[in-house]
Amino acid sequence: MVLNSLIKIANLKILENGSEDLNLCHKLISKCNDEEDFLKRKNLVNRTIDYCENKIIEVINGVGGKENITLTDLSSFNLLIEKTAENFTPTFPLDYEIMAINLTSLNNSEIYEFDQKICLMPENYSTIRFNLTELKISEFNSFNQTIEIELLEPVYICCVFGICNVCCTNESCLNDSKSYPIIFLHGHPFNEAHSPEYSLNIFNQLQSKLSEEGFINAGIVSPESGYSEIPGGEWGFSGMPVTIKASYYYNVSQETGQTLIEITKTTEHITAYSDRLQNIIELIKYRTGRNKVNIVAHSMGGLVVREYLRKYGEESINKLIMVGTPNNGILGEVDQYCPVLGAKIECNEMKQNSSFLQKLNAYVPKNKTKFYTITGIGCKMNNLNGDGIVVSTNVGLPYARNYNITGSCSTLFSLLHIELLNIKKYPLTYEAIRAALEEY
């Protein structure tokens with residue numbers, strides 16, 4: 001193996017174009033033909049076969065126009081080995097001298113082993129004589145060799161759902177909008193006694209369906225979640241989008257070294273909820289390593305996101321998909337009974353033509369965030385059409401793509417406003433959300 005490797009290295013030095021050196025085989029075979037001493041000839045034959053391998057056939061057949069070779073039969077070539085002979089004085093083939101010069105110029109530590117393997121009779125090593133200084137070959141002006149080695153960064157593999165790919169860590173992957181996380185944001189509860197988690201259950205079917213299509217279900221971001229709990233970017237290494245449910249009703253504060261969690265559903269303005277949404281978005285961006293998020297918001301949750309956009313800008317939200325959001329307010333009986341549930345501040349701000357909505361609707365987006373609305377129609381509301389809570393004309397926005405879902409309000413507790421996210425009953429809602437997420 002060492003011999004063959006050295007021969008090939010030297011051969012490449014001889015042929016600058018990197019082509020196969022049939023000439024060397026020609027010379028070796030000619031030398032075999034001309035050598036009268038059998039033992040010497042036997043060793044030359046063996047060396048020639050070791051080096052030339054299948055090229056011997058090419059030489060015999062005159063490949064490449066080399067038809068001046070006198071040896072025409074491989075069998076007769078091997079018959080030469082059957083003769084006997086005695087001592088001889090070995091010579092060193094010209095091409096081997098070239099290799100010796102090459103190795104000597106490189107101060108190769110294996111030069112002695114190389115000589116031993118090349119010499120036709122190793123036991124007569126001391127009798128070999130050749131003058132390297134008299135050999136002049138223009139192709140070998142310099143034997144200096146530079147090898148450039150590029151050390152590549154280690155490749156990390158991430159596996160999800162039994163599928164393994166290179167981990168998403170480079171800029172092109174991190175900035176791919178198809179992998180932005182999705183935050184589900186609830187709306188105003190019909191019953192003040194319900195916990196935020198209860199309100200978030202409205203997204204269970206949607207989150208489960210998305211997980212079947214390759215989205216990673218990260219559950220709910222709890223109010224005590226912090227930056228040290230999960231390393232930065234860990235949720236995004238797979239390159240697959242993550243879905244997270246979150247609530248703006250939790251108010252987390254620090255007091256005497258303890259984390260205090262307070263549920264404030266009826267005592268805050270929508271703008272205060274948008275401040276808490278800011279904390280949620282920054283945490284999700286940190287955990288996924290992405291600079292933007294997508295949000296699917298139900299009912300009042302859409303107003304919370306729009307207020308966030310008005311206050312903090314559109315840099316962090318790629319898409320906002322609003323389901324049954326009263327962008328132009330609530331009215332009629334819904335407006336009258338809303339404060340009875342105890343959420344007086346929220347209800348007043350959601351009232352049609354309220355000062356809050358006037359300020360919110362005066363804001364014109366900068367076209368960095370894409371807006372979508374899903375409107376429920378089919379329920380009669382004071383001679384108007386809607387979803388049982390919001391009239392259809394108060395959902396759409398002039399700069400949003402709007403989807404209409406036709407349904408019904410069978411009972412007071414089975415309003416289309418809530419049932420819109422029952423995607424088993426209304427699969428068109430899911431199709432609209434998927435269409436919005438896939439639009440680029």
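The values are calculated or read from the model by the stated rules, or taken from the named source; none is laboratory data. Note that the structure is a prediction, hence the values are computed from the model and not measured. Cβ placement follows ideal geometry from the backbone for every residue including glycine, while neighbour counts extend to all protein chains displayed.
Below, the figures for the structure above:
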item: Subset of the stretch 270-293 (residues that are small (Gly, Ala, Ser), in a helix (DSSP H, G or I) and either more than 16 Å from TYR250 (Cα to Cα) or in contact with a helix residue (DSSP H, G or I) (Cβ under 8 Å, 6 or more places away or on another chain) (or both)); result: SER274
item: Pick from the stretch 203-219, criterion in contact with a strand residue (DSSP E or B) (Cβ under 6 Å, 6 or more places away or on another chain) and buried (at least 18 other Cβ atoms within 10 Å of the Cβ), ranking: farthest from SER179 (Cα to Cα); result: PHE203
item: Candidate set: the stretch 186-214, residues that are among the hydrophobic types (A, V, I, L, M, F, W, C) and either modelled with pLDDT of 95 or more or in contact with a helix residue (DSSP H, G or I) (Cβ under 8 Å, 6 or more places away or on another chain) (or both); chosen: the one farthest from PRO241 (Cα to Cα); result: PHE190
item: Qualifying residue in the stretch 417-431 (condition: closer than 18 Å to GLU333 by Cβ and buried (at least 17 other Cβ atoms within 10 Å of the Cβ)); result: yes
item: Residues satisfying the stated conditions in the stretch 425-440, i.e. within 23 Å of ILE295 (Cβ to Cβ) and in a loop (DSSP other than H, G, I, E, B); result: TYR426, GLU439, TYR440
item: Test for ILE423: is it over 25 Å from PRO181 (Cα atoms) and either in contact (Cβ under 8 Å) with a residue 40 or more places away in the chain or hydroxyl-bearing (Ser, Thr, Tyr) (or both); result: no
item: Output for the stretch 381-405, where each listed residue is surrounded by fewer than 13 Cβ atoms within 10 Å (Cβ to Cβ) and touching a residue at least 12 places away in the same chain (Cβ under 8 Å); result: ASN382, THR393, TYR399
item: Only one of ILE418, ILE433, ILE405, ILE423 that is among the hydrophobic types (A, V, I, L, M, F, W, C), at pLDDT below 95 and in the same structural domain as ILE377 (by TED's automatic domain parsing); result: ILE418
item: Residues that are part of a strand (DSSP E or B) and under 22 Å from ASN204 (Cα atoms), drawn from the stretch 398-420; result: TYR403, ASN404, ILE405, THR406
item: Filter pass, THR375 being hydroxyl-bearing (Ser, Thr, Tyr), touching a residue at least 60 places away in the same chain (Cβ under 8 Å) and not in a loop (DSSP other than H, G, I, E, B); result: no
item: Extreme residue, surrounded by the fewest Cβ atoms within 10 Å (Cβ to Cβ), among residues of the stretch 336-356 that are in a helix (DSSP H, G or I) and in contact with a helix residue (DSSP H, G or I) (Cβ under 7 Å, 6 or more places away or on another chain); result: PRO339
